[in-house]
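Down below is the structure, laid out as structure tokens.
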Amino acid sequence: MLAPLFARGVTAETVVWDDPAVDWSRYDLVVLRSPWDYALRRDEFVAWARTVPALVNPADVVAWNTDKRYLAELSAAGVPTVPTAWVEPGDDWTPPAGTGEYVIKPAVSAGSQDTGRYDLADPEHRELAVAHVRRLSAAGRVTMVQPYLSAVDTAGETALLFLAGPDGLAFSHAIRKGPMLTGPDRGVAELYREERIDARTASPEQLDTAEKTLAVVPGGTDRLLYARVDLIPGPDGAPVLVELELTEPSLFVGHADGAPDRLAAAIATHLARRS
């Protein structure tokens, strides 16, 4: 991103969000990129975001989007989402009757950390699923339980990237992510699971679902620098929302011609609004 920003007369520095030596007020714009270590310190991260004068995306968006319970709000607004059961800390949880595969993860998470896939036809998996929920509950974390969408094993997951333009967010490009969850949560050594990424052409149905999702974001999208809408085909083949990434997404600008320049232009647009 440095070269296309420099070409527009924009000087950029990479700094760390929790570095106490940084004076955030000296920047004309602060762009959130990859603070994936926030998940276990979300309250601290949200409090920090509220102190940054020129943050994009804005602090109230960060607060809303870093807790995946926003999916319930989007579902209530008519967005097709993965069916999700929410388990509050201290609540008992029993695996659904019958068989089927399920994904278990915390409502506050990044990089597929603390996330597992469980086949309830396997007695060992049922026990491990219960243990996973109890582990998250003991740590005071809200748990999400979702049916595993098997289409991800073949079609993969599609991420649609939107960047700010003169008239608000505009579609930029799309990528395909291959399946990542192979079984129960065994821990991740790094900040995130490795992803297999390929360029993808978004279908009209995917674009329509993404637009419907963005249309109901609280506060509107005109003030956003970027948005990533992650979709997987549901049982009937229609796209359903997995996540709406407004805080710390990989934007995959290296996988689409012109994408780095479009992101630089989006940043310049936000700078111009603040001048």
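The values are calculated or read from the model by the stated rules, or taken from the named source; none is laboratory data. For clarity, every value in this text was computed on a predicted model and none was experimentally measured. Note that each Cβ is placed from the backbone with ideal geometry, even for glycine, and that neighbours are counted across all protein chains shown. Remember, those area values only see protein heavy atoms, side chains included, never the ligands or the DNA or RNA. Shrake-Rupley method; radii C 1.70, N 1.55, O 1.52, S 1.80 Å.
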*Based on Cβ point charges of +1 for Lys and Arg and -1 for Asp and Glu, what charge dipole magnitude is obtained for the chain about its Cα centre, in debye rounded to the nearest 20?*
460 debye
_Taking the solvent-accessible surface of protein heavy atoms with a 1.4 Å probe, what is the per residue accessible area of the chain in Å²?_
47 Å²
_Through the Karplus equation 6.51 cos²θ - 1.76 cosθ + 1.60, θ set to phi - 60°, convert the phi angles of region 153-161 into ³J(HN,Hα) values in whole Hz; use x for Gly and Pro._
6, 10, 7, x, 9, 9, 9, 9, 9
*Global form of the chain, assessed from the alpha-carbon gyration tensor, a/c cut-off 1.5*: prolate
*With just the Cα atoms of region 85-147, tell me how far they stretch along each of the three principal axes, in Å, largest first.*
28, 25, 18
_Tell me the carbon and sulfur percent of the accessible area for the chain, rounded to whole percent, probe radius 1.4 Å._
51 percent
*Structure-based [θ]222 nm, the chain - -39500 (n - 2.57) summed over DSSP H runs of at least 4, per residue, nearest 500*: -8000 deg cm²/dmol
*Helix 204-215: angle to the longest alpha-carbon principal axis of the chain, degrees 0 to 90, nearest 10?*
70 degrees
*Give me the angle, in degrees from 0 to 90, between the Cα long axis of helix 123-138 and the longest principal axis of the Cα atoms of the chain, rounded to the nearest 10.*
50 degrees
*From the phi of every residue in region 226-243, what ³J(HN,Hα) in whole Hz does the Karplus formula 6.51 cos²θ - 1.76 cosθ + 1.60 yield, where θ is phi - 60° and glycine or proline is x?*
8, 8, 10, 10, 9, 10, 9, x, x, x, 8, x, 6, x, 10, 6, 9, 8
*Give me the lysines in straight-line cross-link reach of Lys212: C-alpha distance below 24 Å, same-chain residues under 8 apart excluded.*
Lys68, Lys177
